[in-house]
Amino acid sequence: MAARKSAPAKASAKSSSKSTAKPGTKPAGKSAAKSVAKPNVSADELLHHYREMLLIRRFEEKAGQLYGMGLIGGFCHLYIGQEAVVVGLEAAAEEGDKRVTSYRDHGHMLACGMDPKGVMAELTGREGGYSKGKGGSMHMFSKEKHFYGGHGIVAAQVPIGAGLAFDNEDHRQHPKLGHIVGLINLALVGRAV
């Protein structure tokens with residue numbers, strides 16, 4: 001019985017230690033110092049990002065289905081579950097930024113603006129694909145979209161990414177950043193190893 005009586009006493013002690021701020025006012029302390037920051041992304045941009053993620057997910061689901069039916073030859077490494085990664089990457093990218101990735105590349109292709117029909121044509125070995133149906137799932141390129149391929153050999157994209165970083169001439173267009181831009185690109189590629 002004594003244990004039951006002591007529990008309400010503890011609860012009342014806790015409630016008495018709470019702030020006595022009036023309803024509708026902020027209590028003093030750390031939470032009062034926090035300010036509500038405005039989002040740096042509009043509702044339209046968020047909706048666009050969601051639609052991009054949904055496009056990638058639905059595309060990959062269909063690719064998995066076609067692979068299971070034997071209509072996609074070779075390997076087919078899907079990007080399901082990683083859609084937000086590439087959509088976030090593309091949200092931060094600027095016009096002309098170059099891209100290179102490993103063998104899970106369908107999501108990257110779609111997010112950088114490559115036509116889903118062209119990507120699917122490549123997956124199914126059709127001439128209308130980005131590599132004329134010869135690259136399959138892991139070897140698609142689009143110079144127009146600055147996408148320099150997915151690469152099926154582990155870490156094969158690293159020297160290509162390093163070359164793209166060294167070739168990057170954006171430092172001439174970013175006077176505040178100077179030579180750092182190319183080195184950041186190299187560091188991001190090198191981090192993937």
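Extension gain, Lys62 to Lys38: 0.36 nm times the residue separation minus the Cα-Cα distance gives 4.8 nm.
Net charge in the neighbourhood of Tyr50 (other residues with Cβ under 12 Å of its Cβ; Lys, Arg +1, Asp, Glu -1) is -2. For the stretch 71-140, chymotrypsin sites (Phe, Trp or Tyr not before Pro) are listed when DSSP marks them as loop and at most 16 other Cβ atoms sit within 10 Å of their Cβ; the list is Phe75. Loop-located GluC sites (Glu not before Pro) across the stretch 47-133 with a Cβ neighbour count of 13 or fewer within 10 Å are Glu94, Glu95, Glu127, with loop assigned by DSSP. Bridging of Lys117 to aspartates and glutamates at a Cα separation below 13 Å is possible for Glu60, Glu127, once same-chain residues fewer than 8 apart are set aside.
For Ala92 and Glu144, what is the calculated FRET efficiency with R₀ set at 25 Å and r taken between the beta-carbons, to the nearest 0.05? Efficiency, from the Cβ-Cβ distance: 0.75.
Laboratory data are not the source of any read-out in this text; all were calculated from the coordinates shown. Values in this document were obtained by computation on a predicted structure and should not be read as measured data. Counting neighbours? That spans all protein chains shown, and the Cβs are built from the backbone with ideal geometry, glycine included.
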